[in-house]
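The values are calculated or read from the model by the stated rules, or taken from the named source; none is laboratory data. No experiment lies behind these values; they were computed from the predicted model shown. Note: ideal-geometry Cβ built from the backbone for every residue, glycine included; neighbour counts use all protein chains shown.
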Amino acid sequence: MSDITATPQEKRMIHVHVNGVPHTAEIETRWLLCDFLRHKLHLTGTHVGCEHGVCGACTIIFNGAPIRSCLMLAVQADGGEILTVEGLANPDGTLHPLQQAFHDSHALQCGFCTPGFLMAIYAILQDNPHSNLSDEAIREAISGNLCRCTGYQGIVLAVRHILTQSGTTTDSNKTTRTP
């Protein structure tokens, strides 16, 4: 009988800021960013659906842009700024206005896709917070995320609610009044 031993995996040290908190960790170079977030940092709001970047459940904000964390190696995030769904809520635990709009508009059912939608929509609102955004444009903007339960109408309503709030925009985890 021969001895079969597993080859040790290469590891690297990475430094990232996640939801404003600095983290340093030694990880195997083969780890995906979603696995690092879920298994090393225990931020389980980032869901893993398809592992091919198709469903959008693993969407996070990396250096200001929405990305699929199942398509990026954790070592590639070294030195980066990451925002996950856990970072949307205020420090006192109150929901971000977008999270509250999802709740109020019944924009979720099973909830598996919700974190990915929240992060994708958060990014959209940072880029285009105009209340004149059409429902068609909202649907186009969320077309990279899949939901098998809601039929998307509640999600569109939640985005519409955020966009039409009188004199408010979402920015940096807070609701700020515009003059």
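Results, tabulated for the structure shown:
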| quantity | calculated |
| --- | --- |
| Residues located in the range 61-72, provided they are buried (at least 19 other Cβ atoms within 10 Å of the Cβ) and either free of Cβ contacts under 8 Å to residues at least 60 places away in the same chain or farther than 16 Å from residue 141 by Cβ (or both) | 62, 66, 67, 68, 69, 70, 72 |
| Unmet criterion (only one of (1) free of Cβ contacts under 8 Å to residues at least 40 places away in the same chain; (2) outside any helix (DSSP H, G or I); (3) surrounded by fewer than 16 Cβ atoms within 10 Å (Cβ to Cβ)) for residue 133 | (3) |
| Residues satisfying the stated conditions in the range 44-60, i.e. under 12 Å from the mean Cα position of the chain (by Cα), in contact (Cβ under 8 Å) with a residue 12 or more places away in the chain and surrounded by fewer than 21 Cβ atoms within 10 Å (Cβ to Cβ) | 45, 48 |
| Top-ranked residue of the range 136-179 - restricted to ones that are more than 26 Å from residue 86 (Cβ to Cβ) and not in a helix (DSSP H, G or I), ranked as modelled with the lowest pLDDT | 179 |
